[in-house]
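These notes concern the structure reproduced below.
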Amino acid sequence: MSRLSTEHLLGIKYITENDIHTLLDTAASFKEVINRPIKKVPSLRDVTVANVFFENSTRTRLSFELAEKRLSADVVNFSASGSSVSKGETLTDTVNNILAMKVDMVVMRHQNPGACVFLANELKKYPKSAHARVVNAGDGTHEHPTQALLDAFSIRNHFGRIEGLNVLIVGDIMHSRVALSNIYCLQKLGANVKLCGPATLIPRHIETLGVEVEYDLHKALQWCDVANVLRIQLERQDIKYFPSLREYAMQYGINREVLNRLDKQITIMHPGPINRGVELDGDIADSEHSIILEQVENGVAVRMAVLYCLASVKE
């Protein structure tokens, strides 16, 4: 197995194309493992992983926990809602207390961008013998690297390649950490990336990342091979970016009628959870166009690969 160039997974921006290929190839091996009758391997026996979630999560947290248990790791779960954070404890104190327990890996989700980078920098204060690996499970509107990796893995499994494909990311780009990680990941793997959504939900100067922006949904879908549909993140919106969910669904929602107007069949993806009837109709999410459930299955294999490869990195 090739070694990763980094000891942490803080974002796709910070890893190389070779790192991505290593993780995807390793995930392919682990996907075979999780489809066997005996799904557990001893790869991370005696390794302790702390799942530190300061923000609500269902899919990502369950996926990481299952990946850790499939690798035979010891798992410690931390939730901010039932911790001293609710009593006013700072991130620094929380992190230092967790690290003092001598965990080997920390999987962290936080509402503030850069929180995982902060944690990795805090680790530099410890002797190398006490270093823990850090995995970013989503930090604010910054990055969600394992989601981008599982999306790339799902595309590669479905098409047999990523290079040269046209991938559309449609929806709430401004508030999405998934969008940014996908842009970095897909471009490093040679895909063409285009964004689509209301002008109010497209960040200014996003074109500097080398992506195109298309505001007409039909034209964007006609161009793409894959459409990765993002959830409207109302919980991150402090002002109204569009008149109503109904109007958004009329302009940018993907339904059977919208797909029937295309000259070709495209593949639909979604990182979940889905607002059915808003960005994506239920019958499309469950249709032959969709690989959404494959994304969920692939998420476990990809996160197993991330944990395994990071645990193998030498100081």
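The values are calculated or read from the model by the stated rules, or taken from the named source; none is laboratory data. Just so it is clear, the structure is predicted and the values come from calculations on it, not from any experiment. No Cβ is skipped: glycine too gets one built from the backbone with ideal geometry, and neighbour counts run over all protein chains shown.
Scanning for something of a type in the set (A, V, I, L, M), at pLDDT below 90 and crowded, with 17+ Cβ neighbours inside 10 Å, does segment 101-117 turn up at least one residue? Scanning segment 101-117, I find no residue that is of a type in the set (A, V, I, L, M), at pLDDT below 90 and crowded, with 17+ Cβ neighbours inside 10 Å, so the answer is no. Here Ile254, Ile291, Ile274 are screened, and the one residue that is of a type in the set (A, V, I, L, M) and modelled with pLDDT under 95 is Ile274. I'd like to know if segment 246-262 contains one or more residues that are surrounded by 21 or more Cβ atoms within 10 Å (Cβ to Cβ) and either under 22 Å from Asn298 (Cα atoms) or over 23 Å from the mean Cα position of the chain (by Cα) (or both). Looking for residues that are surrounded by 21 or more Cβ atoms within 10 Å (Cβ to Cβ) and either under 22 Å from Asn298 (Cα atoms) or over 23 Å from the mean Cα position of the chain (by Cα) (or both), one finds at least one in segment 246-262, hence yes.
Could you tell me which residue of segment 1-27 is farthest from Glu143 (Cα to Cα), considering only residues that are assigned to a helix (DSSP H, G or I) and among the hydroxyl-bearing types (Ser, Thr, Tyr)? Explain how you work it out, then say what you get.
Of segment 1-27, the ones assigned to a helix (DSSP H, G or I) are 12-14, 17-27.
Among the residues that remain, those that are also among the hydroxyl-bearing types (Ser, Thr, Tyr) are: 14, 22, 26.
On the way: Tyr14: 11, Thr22: 20, Thr26: 22 Å.
Per the stated criteria, the residue is Thr26.
Examine segment 40-59 for a residue that is among the aliphatic types (A, V, I, L, M), in a helix (DSSP H, G or I) and surrounded by fewer than 20 Cβ atoms within 10 Å (Cβ to Cβ), and state whether such a residue exists.
Of segment 40-59, the ones among the aliphatic types (A, V, I, L, M) are 41, 44, 47, 49-50, 52.
Now narrow it down to the ones that are in a helix (DSSP H, G or I): none.
No, segment 40-59 contains no residue that is among the aliphatic types (A, V, I, L, M), in a helix (DSSP H, G or I) and surrounded by fewer than 20 Cβ atoms within 10 Å (Cβ to Cβ).
Among the residues of segment 160-197, those that are part of a loop (DSSP other than H, G, I, E, B) and closer than 18 Å to Glu279 by Cα comprise Gly171, Asp172, Ile173, Met174, His175, Ser176, Gly197.
If we keep just the residues of segment 140-176 that are touching a strand residue (DSSP E or B) at 6+ places or on another chain (Cβ under 9 Å) and modelled with pLDDT under 95, which is surrounded by the most Cβ atoms within 10 Å (Cβ to Cβ)? Steps first, please.
Taking segment 140-176 as the starting set, the residues that turn out to be touching a strand residue (DSSP E or B) at 6+ places or on another chain (Cβ under 9 Å) are 140, 142-147, 149, 151, 154-155, 158-159, 164-171, 173, 176.
From the residues that got through so far, the ones that are modelled with pLDDT under 95 too are 140, 142, 171, 173, 176.
Working: Gly140: 18, His142: 21, Gly171: 31, Ile173: 22, Ser176: 24.
Only one residue fits best here, namely Gly171.
The C-beta contact set for segment 15-41 (first residue outside the structural domain of Phe153 (by TED's automatic domain parsing), second residue among the acidic types (Asp, Glu), distance under 6 angstrom, 6+ apart or interchain) is empty.
Taking each residue of segment 182-202 that is more than 17 Å from Leu221 (Cβ to Cβ) and looking for partners that are of a type in the set (Lys, Arg) and part of a helix (DSSP H, G or I) with beta-carbon atoms closer than 9 Å, six or more apart or interchain, yields Tyr184/Lys13; Leu189/Arg156. The residues on offer are Ser287, Ser312, and the sole one that is of a type in the set (Ser, Thr, Tyr), surrounded by fewer than 22 Cβ atoms within 10 Å (Cβ to Cβ) and more than 17 Å from Val226 (Cβ to Cβ) is Ser312.
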